[in-house]
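The values are calculated or read from the model by the stated rules, or taken from the named source; none is laboratory data. From a predicted model like this one, the values you see are computed outputs, not experimental measurements. Here the Cβ positions follow ideal geometry from the backbone for every residue, glycine too, while neighbour counts run over all protein chains shown.
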Amino acid sequence: MSDLITADLVDLDLPAGDRREAVRSLAERLVKAGRVTDLDQFLADIEAREAQMPTGLDGGIGIPHCRSTAVTEPTLGFGRSTGGVDFGAEDGNPADLVFLIAAPEGGGSDHMTVLAALARRLVRKSFTGELRSVTDPAAAAGFIAKEVSA
Amino acid sequence: MKIVAVTACPTGIAHTYMAAEALEAAAEEAGHEIVVETQGSAGSTPLTAEQLAEADVAIFAADVEVRDKDRFAHLPQVSVGVKKAISGGDLLVAQAEEAVKNHVPAATGAPAATPAGAKAPAGPGAASKVRAWLMTGVSHVIPFVAAGGLLIALGFALGGYQINLPDDDPLYKTILDGGFSAGSITAWGALAFGIGSAAFNFLVPVLAGYIAYAMADRPALVPGFVGGAVAVTTGAGFLGGLVAGFVAGGLVMWIKTWRVPRALAGIMPVLVIPLLSTAVVGLLMYVIVGRPIALITEGLTNWLNGLSGTNAVLLGILLGLMMCFDMGGPVNKAAYTFAVAGLSTGSEGALTIMAAVMAAGMVPPLAMALATVVRKSLFTDVERENGRAAWLLGASFISEGAIPFAAADPFRVIPSIMVGGAVTGALSMTLGATLRAPHGGIFVVPLMGNPLGFLVAVVIGTLVATALVVALKTFARRRPVQAGTSTTETVTERETVSA
């Protein structure tokens, strides 16, 4: 199993604006990396999850995510947007940190523990703080990979 | 303070764990101990019996149903959506403190230590797993029973007991096919009955489908549902549905362990597993389960026909036992068909048999409804909800109202209601109640001979069945599960995830 995230899955200059565009742009990176086999299917699954309840969290974080048959292995796409992308958080603030979490359908639980570990980090100020200040994609990917495997 | 918590969200990959982390941080901040059961896709380590017994309060942060919620019945509870826990873990912990202060312990007077062994499925033992699977099926089936059953009852109330007669070409179908006339009360009755029957047709498939789903996730839904539908077609009833659900779930569990080439892995959950498992379950349900059941029904009917002239009370006992065995399954059907077939002869004996059969068939839902009132603590929240609908279902002779209870705990519930049904059947025969209508429950009491005797028989049988089910559920409990091994598992699991 490869790392949850690599440098080419990081976009530190995600354009502000519509969440669908932000998700699509990150998802295209996942397709290019061979982690997602069918872009349209994947985006539909993401949208279905958003429709249940928006994934925006207080404090400028968006976590679009889904389990999808189009996903080959647990993968994280990370985007940072200076202008912010609205994920419908209750505090009304747009997200400057976007975590696109892709899980394979029917994956065994051992595959999923890495995503569980990631989710737990997302609520820690030290984790999100570091990602707000990091300066290049490789460092961001390295930091996340190290944190979730710790 | 010791807190136990469950977190769960629709996809089970993000919010479940974020909420767990936030709650753990908030509890630690406030100086409390907390154990969180994350019901997500990374597998969930169940809380141990010990943790449940020592806890002071339970927090549920979930957007989907918390599995096995009845484990927490002895605790004060705080329930919120999963996002509330992420953004306001500290507030939630404060609410939990408040809940502990205001909590009045359940009136059962059980000493503090009992809940652990008695109520908690506790630990990953096989029995508790089976129960958890069953309860998932049952909790999904209850709305179907309530909605369908009440609509059918309404159909009888508006359209009269003839609404589903004759068997081969029922009145309600004729009315619905012939154009609906809004001015006719009977037409509204036919409509309610038609919709209610449609809902009831889902009962066994939903039960089987969600048992399979609980065992092996989404790929198991198809074989479960289809196996349940075949159980309906072959007349195997809800017991056949239970078989279908467990077979489907087990089969998919096993297929999931196969090592398949990477290219094939992507289409396993959407194509290969549903196709293969459905074909196998369908075949089993038709050939291995269906055929013998048809033979059993036929054999029982012949046997009953050969019994004519037997002692009336014995026959009442026998029919009562049969009516309450499988609520709509083959045995129940044999007894019911035997009674209805006799009606055409119009003899006094046939009419007393019809009365006894209907009286006994009313006992299961009524007894379960009564039991949920007199001993609330023995039932889960959803069961208590179902208990409210069961009053009217029982009164309307819709025995299926007891299926959720019987499916959840067959070995204690079915014998109890069978004994109650036998008492009712015997009493109804002894008191000589007679009935010309094949259905209708309390709605046809005015048409009866000796209606008072009929009602007395129903009430006494209901009381007997209630007393038995309460006694069995109270005293014949599962053995407490050893908690030792699972505690260590919890610790290691939690270290790997959160360290």
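Would you confirm whether or not the stretch B:331-346 contains a residue that is touching a Pro at 6+ places or on another chain (Cβ under 7 Å), at pLDDT below 85 and not acidic (D, E)?
yes
Take the conditions farther than 20 Å from A:A138 by Cβ, more than 15 Å from the chain's Cα centre (by Cα) and without any contact (Cβ under 8 Å) to a residue 12 or more places away in the chain and apply them to A:D18. Does it pass?
When the stated conditions are applied, A:D18 does not pass them.
Would the stretch B:267-284 turn up any residue that is surrounded by 13 or more Cβ atoms within 10 Å (Cβ to Cβ), within 12 Å of another protein chain (Cβ to nearest Cβ), outside any helix (DSSP H, G or I) and not acidic (D, E)?
yes
Restricting the stretch B:1-54 to residues that are more than 10 Å from chain A (Cβ to nearest Cβ) and among the charged types (D, E, K, R), which is farthest from B:L75 (Cα to Cα)?
The extreme case among them is B:E29.
Rundown of residues vs (1) over 18 Å from the mean Cα position of the chain (by Cα); (2) farther than 18 Å from B:F397 by Cα, yes/no style:
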| residue | (1), (2) |
| --- | --- |
| B:A146 | no, no |
| B:L150 | no, no |
| B:A153 | yes, no |
| B:Q162 | yes, no |
| B:L165 | yes, no |
| B:I175 | yes, yes |
| B:I185 | yes, yes |
| B:P205 | no, yes |
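A:A48 is checked against (1) within 11 Å of chain B (Cβ to nearest Cβ); (2) surrounded by fewer than 19 Cβ atoms within 10 Å (Cβ to Cβ); (3) closer than 15 Å to A:E147 by Cα and fails just one. What number does that condition carry?
In the conditions (1) within 11 Å of chain B (Cβ to nearest Cβ); (2) surrounded by fewer than 19 Cβ atoms within 10 Å (Cβ to Cβ); (3) closer than 15 Å to A:E147 by Cα, A:A48 misses (3) alone.
Inside the stretch B:154-255, counting only helices (runs of 4 or more DSSP H) that do not spill past its ends, which hold 3 or more residues that are touching a residue at least 60 places away in the same chain (Cβ under 8 Å)?
Output list reads B:203-216.
Check off (1) in a loop (DSSP other than H, G, I, E, B); (2) within 30 Å of B:T45 (Cα to Cα); (3) free of Cβ contacts under 8 Å to residues at least 40 places away in the same chain; (4) not β-branched (V, I, T) for A:S2 and give me the number that stays unchecked.
A:S2 satisfies every listed condition except (3).
How about the stretch B:82-103: which of its residues are outside any helix (DSSP H, G or I) and surrounded by 14 or more Cβ atoms within 10 Å (Cβ to Cβ)?
B:G88
Out of the residues in the stretch A:117-137 meeting the condition of being assigned to a loop (DSSP other than H, G, I, E, B), away from every other protein chain (no Cβ under 14 Å) and not acidic (D, E), tell me which one is surrounded by the most Cβ atoms within 10 Å (Cβ to Cβ).
A:V134
Among the numbered criteria (1) in contact with a Phe, Trp or Tyr (Cβ under 9 Å, 6 or more places away or on another chain); (2) part of a helix (DSSP H, G or I); (3) buried (at least 21 other Cβ atoms within 10 Å of the Cβ), which single criterion is violated by B:F454?
Status for B:F454: all satisfied but (1).
Are there helices (runs of 4 or more DSSP H) fully within the stretch B:332-429 with at least 2 residues that are surrounded by fewer than 24 Cβ atoms within 10 Å (Cβ to Cβ) and without any contact (Cβ under 8 Å) to a residue 60 or more places away in the chain? List them.
B:348-374, B:381-395
Could you grab me the full set of residues in the stretch A:65-102 that are among the charged types (D, E, K, R) and more than 11 Å from chain B (Cβ to nearest Cβ)?
Within the stretch A:65-102, A:R80, A:D86, A:D96 meet the criteria.
Would the stretch B:79-94 turn up any residue that is away from every other protein chain (no Cβ under 14 Å) and at pLDDT below 85?
No, there is no match, as no residue in the stretch B:79-94 is away from every other protein chain (no Cβ under 14 Å) and at pLDDT below 85.
What pairs can you find where one residue is in the stretch B:447-467 and closer than 16 Å to B:W391 by Cα, the other is in a helix (DSSP H, G or I) and among the hydroxyl-bearing types (S, T, Y), and their Cβ atoms are less than 6 Å apart, with a gap of 6+ or different chains?
B:V458/B:T424; B:G461/B:T424; B:A465/B:S416
For the stretch B:299-321, give me the residue count where each residue is in contact (Cβ under 8 Å) with a residue 24 or more places away in the chain and within 24 Å of B:V243 (Cα to Cα).
Residues that pass the stated criteria total 3.
Quick one: in the stretch A:18-45, of everything that is of a type in the set (D, E, K, R) and farther than 22 Å from A:S81 by Cα, which residue is farthest from the other protein chains (Cβ to nearest Cβ)?
A:D40
So that you can scan it fast, the table gives a plain yes or no per residue for (1) within 14 Å of chain A (Cβ to nearest Cβ); (2) crowded, with 23+ Cβ neighbours inside 10 Å; (3) among the hydrophobic types (A, V, I, L, M, F, W, C); (4) in contact with an Asp or Glu (Cβ under 9 Å, 6 or more places away or on another chain):
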position: B:T174; (1), (2), (3), (4): no, no, no, no
position: B:G178; (1), (2), (3), (4): no, no, no, no
position: B:T186; (1), (2), (3), (4): no, no, no, no
position: B:I195; (1), (2), (3), (4): no, no, yes, no
position: B:N201; (1), (2), (3), (4): no, no, no, no
position: B:F225; (1), (2), (3), (4): no, yes, yes, no
position: B:G245; (1), (2), (3), (4): no, yes, no, no
position: B:G250; (1), (2), (3), (4): no, no, no, no
